[in-house]
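The values are calculated or read from the model by the stated rules, or taken from the named source; none is laboratory data. Predicted, not measured: the structure shown is a model, and the values here were computed from it. Backbone-built Cβ (ideal geometry, glycine too); neighbour counts: all protein chains shown. We work out accessible area using only protein heavy atoms, side chains counted, and drop any ligands, DNA or RNA first. Shrake-Rupley method; radii C 1.70, N 1.55, O 1.52, S 1.80 Å.
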Amino acid sequence: MRQKVVWFILGVLVGGLFVVSTYLSNGNIQYVAPAVQKIPGNNYTTLLLYSPNGLPLNVKNVQKAVQQFVVKNAPKAKWHAYAVPELPSDAVLSGYGIKVTKDGRVNVLILATRKGAFIQPTEVQNELMEWSKTAPKFMPDVIPWEKIGVPEGWKAKSVDSNGNVRAYTGESSPYWHNFGRQELRYDDPPYGKLYAQFYIWGLWNDGNPTEERFLCTTDENGHGTYRVTPGVEIGGNYGNYFTNDIKITHDWGVDPTLNGRLGIMKPVGIINKHETLTITIGPVLYPLAIGGYKVYGDAIDPQEVWDFDIPYNEDASHHTIGFMPSSEGVVKESVLHDGSWHSVINVKLWAKFRHKTIIGIIDSHEIWAAVTWIVKVG
């Protein structure tokens, strides 16, 4: 059966529909109301937003539309979630896609490009449509290998706003629940490209009334990775820029009201070049190979930071560098469950590219892009 595709143009995104218009922002970027496609699927619905005329999308307006979309299309879900980009002043949002299931889980695709670069509406639409052809992908719930709960002989208590006390004793039967996959593609000609894909998990039924635990990770098949590709490898309208530095950050303290703190992070410490590791964190186990560079994994509560040492202008710097870190975050349950939207984690990928000109002058350029995962309970 062919999927039904609903087309319309979104105006203010929260106050009704009208003909496409543009306006000037404080940053002198001319935005456009996006063309929108809503595609019903089997137990899920897809929303695609993209430019109808080559102008970028406003992130804040897209965020408002996505909030309404996930609630409307999963009205009986207790948990609602989505992800939005955070971009530097020299980058813009060119396209956005989200698939939401009846139980509130989501897959997200974010397309971004360099400010000033003309956005090809047909190419962006085709990329989003190709992505929309597959059903959303989720990892199955997984029971932890270790026992979790209140140790024997101990008791945990919680007190709600009305003074009611609940006591918890004994070990529970928790499991890791997969909320879905988030994906970011950022093109920054002539310097290079950034790519990030990760899964978010939550620990359910853990018997702890004070905390909620989450994981930002890959899966056992290696999906969920961060990649930096320099311009010298891409060719075409990209320049001879090579990768000089990379930094990946998982920030579990993006919303201060949640009192987020970091838990486990993998890998940690100094990971030497040409080293192969086996990473086990939460419900997943996967191999991680380092080739031609060194990585420093440091815990700077509430952030985890992986900083790269890439040999200057050597082979590794001229090719795509991929890395698969994972981390755990712990937030305050009473705040997370207050019925409001909360930003749980911000995932950031930063890189520096360099290029030596004919006369020997070194030109460098820094780029970054981030994704914030947001959830509402109740």
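Worth pointing out:
- From the Kirkwood radius over Cα pairs of region 236-324, Stokes-Einstein at 25 °C and 0.890 mPa s returns a whole-number translational diffusion coefficient of 167 µm²/s.
- Between Ile29 and Gln68, the C-beta separation translates, for a Förster distance of 22 Å, into a calculated FRET efficiency of about 0.40.
- Over region 194-344, the ratio between the Cα radius of gyration and 2.2 N^0.38 Å evaluates to 1.17.
- Around the Cα centre of region 32-107, unit charges on the Cβ atoms of Lys, Arg, Asp and Glu (plus for the first two, minus for the last two) sum to a dipole of about 440 debye.
- Rounded Å value of the spacing that divides the Cα centres of region 313-378 and region 64-107: 19
- Here the spin labels are modelled as points 7 Å beyond Cα on the Cα-Cβ line, and at Thr278 and Lys60 they lie 5.0 nm apart.
- Model label sites at Thr257 and Asn313, defined 7 Å from Cα along the beta-carbon direction, differ in position by 5.2 nm.
- Taken along the Cα-to-beta-carbon direction at a fixed 7 Å, the label points for Thr320 and Val335 span 3.8 nm.
- Protein accessible area in region 207-303, 1.4 Å probe - carbon and sulfur %: 48
- Extension gain for Lys102 to Glu220 (0.36 nm times residue separation, less C-alpha to C-alpha distance): 39.9 nm.
- Amide H to amide H, with H built 1.01 Å from N, Gly291 comes under 5 Å of His274, counting only residues 5 or more places away or on other chains.
- At an R0 of 30 angstrom, the distance between the Cβ atoms of Ile143 and Lys78 translates into a FRET efficiency of 0.90.
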